[in-house]
Each structure stands twice: as structure tokens, then as C-alpha cells.
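**Student:** Let me begin by handing over the structure; questions about it come next.
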Amino acid sequence: MTDLHVYDTTLRDGAQQEGLNLTVADKLAIASHLDELGVGYIEGGWPGANPKDTEFFARAARDLRLRNATLAAFGATRRAGGKAETDPLVRALLDSQAQVVTLVAKSHTGHVERALRTTLAENLEMIRDTVSFLTGEGRRVFLDAEHFFDGYRTDRAYALEAVRAAVECGAEVVALCDTNGGLLPGEVAAVVEDVVATTSARVGIHCHNDTGCAVANSMAAVEAGATHVQGTINGYGERTGNADLLTVVANLQLKQGRELLEPHRLQDATRIAHAIAEVTNVPAYSRQPYVGSSAFAHKAGLHASAIKVDPDLYQHLDPKHVGNDMRMLVSDMAGRASIELKSRELGFPLDAADENDAATLRRVLAAVKEKELRGYTFDAADASFELLLRREIDGTLPAFFGVESWRVITDARGDDDALSEATVKVRAAGTRHVETGEGNGPVNALDHALRTALATTYPEIGGLELIDYKVRILDAAHGTDAVTRVLIETSDGTTSWTTIGVAANILEASWQALVESVTYGLVRAGVAPR
């Protein structure tokens, strides 16, 4: 393993993201995922500053069993005019039982004088006193030099003196913070190079993404001599976020050959990124580098033709290195090669060289282009594409049930909430089923009625749950007469899939997507028609 620290600050800096609110249980779950990933350090929060973080460290000491990572507590240097040994927030850092303490300190003269309202000399003494006290108590101390790059521009000599003060008193690392996120890679590299050359500090880097350069700035810092990298999973953080630690690590390891994580742990990156997204309740970003669902997705027919020959022609690396996978998207941009590759991905080894398979591929391609002309989008609805493919391949789409009719009534009385009632008539297992369902909207009512009608014949649908519903008006110029696209995401508790419906009527589009979601769920479960 290289001597380069991977330091995660999701539980503190990442938790400052707008709309992200972590419970203590959430933080413990995320810490376990980070430990699985193999990061070196996990910053757990600021004990003493708020009850939640204090409780987190208490529970972590009792319940969290870290196998790879070291837990770090975050805090500040002592107050001006006081003593570290009697400062309650410094004592709280000791009480956290964390073996690593990361102190934030001022390195910008303007912040010292206007924010701390103290002298430059006293600020340096605050750094010395706090670092000396904590190291004397047996703690490893890292220091975050807040607003360092802006402070360096204002007064280089003082910014460097703050670094030296920490190192001389025993700080193992001084992380240079681009707190406002306004730097560009060239500036970062020049400053880091100077700090490395003129101090004895082990230099770290902590970047925010306000210029969109947090990852690039982190890379530039390492190139210039930094050996400690801070960031958050999925780039969480206030304003536009922090450096995405997964992207930084993957770039350093897979592009530059620096072994930061054991390869088998990096291969878990995609799973862990998505698992943490579930805990935070922040939807995973599909276009996130390396681990996003679209990171290795190909749509253009020209790309597919080349990928069919050699996947490396249109991919910068094998997605398996980060636990991701190549995906072929099917759309009106698709050529026959796209359909062929997508069919193989779904388990149907169609070969364009075979006459019968070639005819099937032509039919599927024609159907895709015709449907996308009407508003379908199969790159967002893989499950519906698989059902289309099965329909074109004789005998591979079971006939589970037939729809005779359906209708929905919504009854609103005065100011009371409207109630919807749906009636569905289907045939399954040779029997006609007529069932009614109520819901808090017409689609919810249709969903209940369809499930009730099929429950006796196919009890497996009891494990299916509609988890997302999206509507898009495709031709707003036609007003209420516009074509509507509906996407429904359904889960079986283990995975999820998306189906699509398109019609001039929003309920008709929703019904199409509902029927396909249930049909795909039964296919996926390996159920035979009854």
C-alpha cells in the first residue's frame, strides 16, 4: 500500500449538504460502509459541538467495529485567551475516545482578526497549545488549515507560519483547505509545491467544488506533493459539494498506479456508493464518474458497432475495476449492433450473422424506432425493452393474463380530499376476475385493483412495490391534448426495474406502464403462466 492517506469526511462535511440530515444510526451505517471500502480515516463529526455527534462517538466506541479505518474526531483549537486543557470543546475531543483528532485552525489573517477577533500571535499560540495538549494526551493530531489558499494569497508568510506552528508541536498532517472552493488546479499545485518545499509538514488537501474543480484540484495537489487526500462519498457537501473521494481514489489508483485501496475493495465502490446514497436518501447521480449507472452506458449506434468488436474502443477502462458494468442503451439512435449487444446483455444471444436472428434484430430495431418516434424512451426503461424483445422472439414472453377492460372514477366532494376508485377486468388461469380498488389517486387505485385481481392466481405480486412514478408532457404546445409519457419504477425488495407507457391520456399511459411492471416482475421471478 502507498503511503497516501485516504481520509473521508462524509459524516461531517458531507452532512452539511442542503437537505441531507443524518441520524446517529445513519452515521453508524455509513461508517460501516466506508470501512468496507477500506478508507484509512473516517471523520465522524464534532463531539461536544452538538448532541448528535457526541452520541455518535459514544455509540461508535461501543458498537462500531472498524477493521480497516481509524475513526477521527473533528474540533477546533482552543478559544482565544484560554487554555487547551480547560477548554470544554477540546476536552470533548478527548472524551470521544477517537485516537485521531482533526483540528480546524485559522491560517488567513483576515479570518483571525475579523472572525476570531484576536491577534495573529494569539492564533498561533492557540494552534501550538491545542496540538501540544492533545498529543501529550496520546492523540494523533491532524490540522485542517481553514481558508489556507485564500490566506496564502493575502499573507504567504503568516499562512506558512500557521503550518509550521502545528508541525513543530506534533501535528502529523496539515491539510490545506480550499474552503471557499474558488481555486483552479494550477494555483493549487503551485501553493502545495511551495508548502512542501518550505516546511517540514506532511501536506494534505481538502477541496470544495464551487468551480467544478474539486477532483482536479485534489489531483493537482497530489502531483505537487500532498500525501493526504480528503473528500466525501458521492461528493456530498455544502453549496456545490466536496471533492468526490471515489473519483479521486479511482483516478489515483487506476490512472496513476498508486495503490490507495486493495483492488478487491475498489471493486466494491459502485455498490458502496449506491448503498450510502440509500442511507442518505439522496438519489444516486447517474452520471457520476466511475460508479454512476450511466458511467459506462452507450447509446449511439456507431459506438455499439465499435464496442461489438472491442469494448475498449469506447471505454476508458474496464468498469469491473470499480464494480460497475457496461450497459447498452436502446433508443432511436440505436443501430442493429446496439440491439444485438443489448440482447446479449439481457441473456438472448442473438447473432446478426444468423439469418433468423438477423430478421429478429431488424424487427426489434424497427419497433424501437417506431415507438421512440411516438415518445417512448427505452434507455430509461430497460424492463419495457426486454418485454419488447421477448415479444419479437417467439415463445419467450409468457402470457400471464389478459386485460378485458379498466376504468377509474374520482369523486371529490366539497373541500374534502378526492377519492379514486378503479375497476379492473382481467382473465387469468382461465378465470375472469373483476375487482375494485381504492386509492389516493387514480393510478394508486388502478395499482390496487390490478393487484387484487391477480393476487389469487399470482400471489408473487404481493412482493412487488411501486417505488417511483414520473410523468412528462411530450408536446406542451398541444396543451391538455398533449402526449404523455409515464415511467414507473417497481421493486421486489432486492432490485428495481422501470417500465414505460405513452398515450394521449395520462391514465392510459400509466396503465400501460403498470401492466408491464407486473408482467416483468413475474418474468423476473421465474413464474410460469397459470
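The values are calculated or read from the model by the stated rules, or taken from the named source; none is laboratory data. Bear in mind the structure is a predicted one, so any value in this text is a computation, not a measurement. Every residue, glycine among them, receives a Cβ derived from its backbone with ideal geometry; neighbour counts consider all protein chains shown. The protein model used for the area step is the full one, side chains on, heavy atoms only, and it has no ligands, DNA or RNA in it. Shrake-Rupley method; radii C 1.70, N 1.55, O 1.52, S 1.80 Å.
**Student:** What's the total number of residues in the range 105-153 that are of a type outside the set (Ser, Thr, Tyr), part of a helix (DSSP H, G or I), under 17 Å from Val192 (Cα atoms) and open to solvent by less than 50 Å² (accessible area, probe 1.4 Å)?
**Tutor:** 4
**Student:** Here's a follow-up. Restricted to the range 393-427, and to residues that are of a type in the set (Ser, Thr, Tyr) and more than 39 Å from the chain's Cα centre (by Cα), which residue is surrounded by the most Cβ atoms within 10 Å (Cβ to Cβ)?
**Tutor:** Among those residues, the one meeting the criterion is Thr423.
**Student:** Now a separate question. Whether any residue in the range 81-95 is open to solvent by less than 70 Å² (accessible area, probe 1.4 Å), over 30 Å from His33 (Cβ atoms) and basic (Lys, Arg) is what I want to check.
**Tutor:** no
**Student:** What residue, among those in the range 503-530 that are polar (S, T, N, Q) and part of a helix (DSSP H, G or I), is nearest to Arg390 (Cα to Cα)?
**Tutor:** By that ranking, first place goes to Thr519.
**Student:** Looking at the range 351-360, which of its residues are over 14 Å from Arg391 (Cβ atoms) and open to solvent by less than 20 Å² (accessible area, probe 1.4 Å)?
**Tutor:** The one that is over 14 Å from Arg391 (Cβ atoms) and open to solvent by less than 20 Å² (accessible area, probe 1.4 Å): Ala358.
**Student:** Sticking with this structure for a sec: Considering Ser331, Ser384, which residue is hydroxyl-bearing (Ser, Thr, Tyr) and at pLDDT 80 or above?
**Tutor:** Ser384
**Student:** Right, something else. Restricting the range 255-298 to residues that are under 10 Å from the mean Cα position of the chain (by Cα) and among the polar types (S, T, N, Q), which is nearest to Lys320 (Cα to Cα)?
**Tutor:** Ranking the candidates gives Thr270 first.
**Student:** Restrict the check to the range 175-193 and report whether at least one residue is in contact with a Leu (Cβ under 7 Å, 6 or more places away or on another chain), without any contact (Cβ under 8 Å) to a residue 40 or more places away in the chain, assigned to a helix (DSSP H, G or I) and open to solvent by less than 30 Å² (accessible area, probe 1.4 Å).
**Tutor:** Checked the range 175-193: at least one residue is in contact with a Leu (Cβ under 7 Å, 6 or more places away or on another chain), without any contact (Cβ under 8 Å) to a residue 40 or more places away in the chain, assigned to a helix (DSSP H, G or I) and open to solvent by less than 30 Å² (accessible area, probe 1.4 Å).
**Student:** When you scan the range 238-245, do you find a residue that is outside any strand (DSSP E or B), modelled with pLDDT of 95 or more, among the aliphatic types (A, V, I, L, M) and surrounded by 19 or more Cβ atoms within 10 Å (Cβ to Cβ), even just one?
**Tutor:** yes
**Student:** Scan the range 372-392 and give yes if some residue there is touching a Lys or Arg at 6+ places or on another chain (Cβ under 8 Å) and open to solvent by 70 Å² or more (accessible area, probe 1.4 Å), otherwise no.
**Tutor:** Looking for residues that are touching a Lys or Arg at 6+ places or on another chain (Cβ under 8 Å) and open to solvent by 70 Å² or more (accessible area, probe 1.4 Å), one finds none in the range 372-392, hence no.
**Student:** Also: Suppose we keep only residues that are modelled with pLDDT under 80 and not in a helix (DSSP H, G or I) within the range 309-328. Which one would you say is nearest to the chain's Cα centre (by Cα)?
**Tutor:** Selected residue: Asp325.
**Student:** Can you name the number of the only condition in (1) more than 22 Å from Ala15 (Cβ to Cβ); (2) in contact (Cβ under 8 Å) with a residue 12 or more places away in the chain; (3) not hydroxyl-bearing (Ser, Thr, Tyr) that Gly82 fails?
**Tutor:** (2) is the only condition that Gly82 fails.
**Student:** Among the residues in the range 154-173, are any within 30 Å of the chain's Cα centre (by Cα), open to solvent by 20 Å² or more (accessible area, probe 1.4 Å) and of a type in the set (Asp, Glu)?
**Tutor:** No, the range 154-173 has no match at all.
**Student:** Out of curiosity, is Ala275 open to solvent by less than 10 Å² (accessible area, probe 1.4 Å) and of a type in the set (Gly, Ala, Ser)?
**Tutor:** The answer is no for Ala275.
**Student:** Any residue that is in contact with a helix residue (DSSP H, G or I) (Cβ under 6 Å, 6 or more places away or on another chain), within 30 Å of Thr154 (Cα to Cα) and buried (at least 20 other Cβ atoms within 10 Å of the Cβ) - is there at least one of those in the range 21-31?
**Tutor:** no
**Student:** Then there's this: Could you look through the range 428-446, keep only residues that are over 14 Å from Glu404 (Cβ atoms) and free of Cβ contacts under 8 Å to residues at least 60 places away in the same chain, and pick out the one that is most open to solvent (accessible area, probe 1.4 Å)?
**Tutor:** Asn440
**Student:** Now, a different point. If you scan the range 223-237, which residues turn out to be open to solvent by less than 10 Å² (accessible area, probe 1.4 Å) and touching a Lys or Arg at 6+ places or on another chain (Cβ under 8 Å)?
**Tutor:** His228, the sole residue that qualifies.
Condition check ((1) at pLDDT 95 or above; (2) among the aliphatic types (A, V, I, L, M); (3) closer than 22 Å to Cys213 by Cβ; (4) out of contact with any Leu (no Cβ under 6 Å at 6 or more places or on another chain)) across all residues:
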position: Glu122; (1), (2), (3), (4): yes, no, no, yes
position: Val131; (1), (2), (3), (4): yes, yes, no, yes
position: Arg139; (1), (2), (3), (4): yes, no, no, yes
position: Leu160; (1), (2), (3), (4): yes, yes, no, yes
position: Ala171; (1), (2), (3), (4): yes, yes, no, no
